[in-house]
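Quick notes on the structure that follows.
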Amino acid sequence: MTRISLLFTILLVVGYASAFQPISRLTPLASSSSSTRLLAAELVDHAVVEESASFLSNIPILDAVLHEPVVWSSLCMLSIVSLLLTWEESVKNIRKGLPEPLMPVLDSMLAEVGGLGFIGLFLSTFVTGGLLGGMVENLSESFLGNEEILLETFEFLHTAFFQIGVGFFVVAGLTVADVLWEINKLSDITNLSTLDTDGDGEVSLSELADALGCGAVVLDENGDGQLDEDECTNALRQFPTPNVWERLWGSTQQDVSAEALVIREQMIRKFDLPADFEVETYIGKVFGHNLDEIVELSPVTWLPLIPLFALANSIDLSHDVVSAASSNGFVTAGEFITNPWVVYSRIVLQIMTLVWSLFNYWKLTSIKNMLVATLVRAGGPTGPAILLRPRFYDDELRAQFNSSPGWAAPIERALTKGRPARNIQEELFGAAGADGPALYRNSIKFHTWLCVAQIVFMTSEIVLRDVNALLAESTVMAHPEAVFPEEIFFGFFVAVSIGQLALAPRTFLSYSACTSIELMTKEWALKAALEESKIEEWKEEQGDDDEAFGLVGYRKSLQEGVTNLATYDGPILMPPANNDGSSAANGNPAATEKETTNAQL
């Protein structure tokens, strides 16, 4: 399930890291062999330019035109207009082709580009030759011994922030895209081509039980041929809860598909939905909403990263190096692993993020197992398949369930407002209580953010610098014997962080299930899924004739389709109202953290 996110994460790291690499290292400090090769390449480029200029100069008209400054000024402005036009058209085309659930990623990336432009405008207006320019130069000269290095470091770090931010949005989008790719396989399920072993056009509970390898349990204890609630409850208590870690390592596409069909059957029975209800559409709506919340980052998110980045960057600054892309960047290759503060902080951080990642997955998957209905076979391996109600409805099983171990409970209480659970589904979040859904949505967000930041920074600033220094056979390194061990040490941490990101799709899928079924069912998403289904049915019936399609007739048909929702008197989470007081139920609402639990309960 995670192969797509893993592949694109690796490509992302390589792409970003390459952006940091130096174009030229023609300094007296560079090794003679590498300097010779780079100098030769530069001379070739210069010769090509001179040859082209000479050719154009031999044409009198072109030579006269190209020596006019107004021509070059006009060409520069035309280039700017062309770039702006390319940017605008690219955004339009991407918006047209991007799936709706992934639209928040594009919006966040555009906002990040706007932030980058604002910082660039500030630098050019107030710092570079502006009011603050002299002060920055004096500070840099007085405390760092170089009047330009402070401004260059600022520009490097703000560019690095931008790249990490965009990297986070891309990885978050890929996480959802990976899950959606798996869920879109449900088109096969909805078409019943994957699990319909008898070819009757429907996936029965028995076929689902075969796909999931469901165990058998004795249901009819008194042998009267009828099942009552007590017998079903006793059977549910006897049936073991799915093992979280076995599902992680051993689950297949068929398992994911079958579980989604169980949820579909569960929702159809609970809300009396049409038999052809497309659960993949509902899940897609929920994913898009959750992604919108996850990619919404505050600038203060950077604050925890400042000590980590400052510690690593201070090693460069102490050697008059701005970054790995500096012409003298090889000077600090091997310096990072010789600094105990850098080494031990990275070890602690990696252990923390690894435990954090596994705990997120364990907790949310355990809660999901309590919420998903249990499919069993009655009496024996060939007995009839029965769908038992979710475990969390049973008081005894709920009392035995604990998703907040002793060490985690104080942390959860410290990070939340301490509001008690308002319903039995919120109780599953343990010590987090009513704030549990919001807490673990943010937990997924910040963990992903931290992993992306580490991958981009360690790869570009340490690992690839070491690789290039070794390949160039540089002789300017203060600790040449430490370069290769440093490359392996930090490369291993990069691999661990990538592995944690590879687990993110599973964790996100579990979170979405925990906060979108049973008592936290999203009515706006359910209605939108039914609406889209009706639209597709009408399109198939009427073809491309828009007049025959008829919105009036469609609305009437849609109303019939959601009548059962209107008459359902159970708790359903409603979307928040917009600022003008209107409902946000249509489409993907701009929901807030308050829409994490059912306030009506």
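The values are calculated or read from the model by the stated rules, or taken from the named source; none is laboratory data. The structure presented is a predicted model; accordingly, all values stated were derived computationally and were not measured. Glycine gets a Cβ as well: all are built from the backbone with ideal geometry, and neighbour counts include every protein chain shown.
For segment 252-310, a tally of residues being modelled with pLDDT of 85 or more and outside any helix (DSSP H, G or I) returns 4.
With the structure loaded, tell me whether Ala453 is out of contact with any Lys or Arg (no Cβ under 7 Å at 6 or more places or on another chain), closer than 17 Å to Ser345 by Cα, part of a helix (DSSP H, G or I) and not acidic (Asp, Glu) or whether it fails that test. Considered against the rule, which asks whether it is out of contact with any Lys or Arg (no Cβ under 7 Å at 6 or more places or on another chain), closer than 17 Å to Ser345 by Cα, part of a helix (DSSP H, G or I) and not acidic (Asp, Glu), Ala453 comes out as yes. Any chance segment 303-312 includes a residue that's surrounded by 15 or more Cβ atoms within 10 Å (Cβ to Cβ), touching a Ser or Thr at 6+ places or on another chain (Cβ under 8 Å) and aromatic (Phe, Trp, Tyr)? So far as segment 303-312 goes, no, none of its residues is surrounded by 15 or more Cβ atoms within 10 Å (Cβ to Cβ), touching a Ser or Thr at 6+ places or on another chain (Cβ under 8 Å) and aromatic (Phe, Trp, Tyr). Going through (1) at pLDDT 75 or above; (2) within 26 Å of Ala529 (Cα to Cα); (3) out of contact with any Phe, Trp or Tyr (no Cβ under 7 Å at 6 or more places or on another chain) one by one, Asn243 falls short only on (2). Close Cβ contacts (under 6 Å, 6 or more residues apart or on different chains) running from residues in segment 484-513 that are without any contact (Cβ under 8 Å) to a residue 12 or more places away in the chain to residues that are of a type in the set (Val, Ile, Thr) are absent. Within segment 368-379, residues that are modelled with pLDDT of 80 or more sit with their Cβ atoms under 6 Å from residues that are in a loop (DSSP other than H, G, I, E, B) and among the β-branched types (Val, Ile, Thr), at 6+ positions apart or across chains, in these pairs: Asn369/Thr241; Leu371/Ile517.
Looking across Arg506, Arg465, one residue alone is more than 30 Å from Glu412 (Cβ to Cβ), assigned to a helix (DSSP H, G or I) and among the basic types (Lys, Arg). It is Arg465. Looking at Ala409, Ala421, Ala478 in this structure, which one is surrounded by fewer than 16 Cβ atoms within 10 Å (Cβ to Cβ), part of a loop (DSSP other than H, G, I, E, B) and on the phi < 0 side of the Ramachandran plot? On inspection, the qualifying residue turns out to be Ala478.
Quick grid of which residues meet (1) within 30 Å of Ile455 (Cα to Cα); (2) surrounded by 12 or more Cβ atoms within 10 Å (Cβ to Cβ); (3) modelled with pLDDT of 85 or more:
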| position | (1), (2), (3) |
| --- | --- |
| Glu88 | no, no, yes |
| Leu98 | yes, yes, no |
| Leu106 | yes, yes, no |
| Ile119 | yes, yes, no |
| Leu132 | no, yes, no |
| Leu151 | yes, yes, no |
| Phe161 | yes, yes, no |
| Val166 | yes, yes, no |
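Taking the listed residues Glu152, Glu137, Glu112, the one that is in a helix (DSSP H, G or I), acidic (Asp, Glu) and touching a Gly at 6+ places or on another chain (Cβ under 6 Å) is Glu112, with no other qualifying. Apart from one condition, Ile337 fits all of (1) in a helix (DSSP H, G or I); (2) under 20 Å from Ser460 (Cα atoms); (3) in contact (Cβ under 8 Å) with a residue 12 or more places away in the chain; the exception is (1). Look at segment 63-80 and say how many of its residues are part of a helix (DSSP H, G or I) and at pLDDT below 75. Number of matching residues: 4. Gly383 meets all of the listed conditions (1) part of a loop (DSSP other than H, G, I, E, B); (2) closer than 30 Å to His289 by Cβ but one, namely (2). Can we say Trp362 is among the hydrophobic types (A, V, I, L, M, F, W, C) and in contact with a Phe, Trp or Tyr (Cβ under 9 Å, 6 or more places away or on another chain)? Considered against the rule, which asks whether it is among the hydrophobic types (A, V, I, L, M, F, W, C) and in contact with a Phe, Trp or Tyr (Cβ under 9 Å, 6 or more places away or on another chain), Trp362 comes out as yes. Looking at segment 457-466, is at least one residue among the charged types (D, E, K, R), more than 26 Å from the chain's Cα centre (by Cα) and surrounded by 22 or more Cβ atoms within 10 Å (Cβ to Cβ)? Looking through segment 457-466, at least one residue is among the charged types (D, E, K, R), more than 26 Å from the chain's Cα centre (by Cα) and surrounded by 22 or more Cβ atoms within 10 Å (Cβ to Cβ). Within the bounds of segment 272-285, is there any residue that is hydrophobic (A, V, I, L, M, F, W, C) and in contact with a Pro (Cβ under 7 Å, 6 or more places away or on another chain)? Scanning segment 272-285 turns up no residue that is hydrophobic (A, V, I, L, M, F, W, C) and in contact with a Pro (Cβ under 7 Å, 6 or more places away or on another chain).
I'd like to know if segment 410-422 contains one or more residues that are over 30 Å from Pro304 (Cβ atoms) and more than 25 Å from the chain's Cα centre (by Cα). Yes; the residues of segment 410-422 include at least one that is over 30 Å from Pro304 (Cβ atoms) and more than 25 Å from the chain's Cα centre (by Cα). Mind checking whether some residue in segment 384-399 is out of contact with any strand residue (DSSP E or B) (no Cβ under 9 Å at 6 or more places or on another chain), β-branched (Val, Ile, Thr), buried (at least 18 other Cβ atoms within 10 Å of the Cβ) and touching a residue at least 24 places away in the same chain (Cβ under 8 Å)? Taking every residue of segment 384-399 in turn, none turns out to be out of contact with any strand residue (DSSP E or B) (no Cβ under 9 Å at 6 or more places or on another chain), β-branched (Val, Ile, Thr), buried (at least 18 other Cβ atoms within 10 Å of the Cβ) and touching a residue at least 24 places away in the same chain (Cβ under 8 Å). Among the residues making up segment 360-396, a single one is more than 33 Å from the chain's Cα centre (by Cα), among the aliphatic types (A, V, I, L, M) and more than 15 Å from Val262 (Cβ to Cβ): Ala378.
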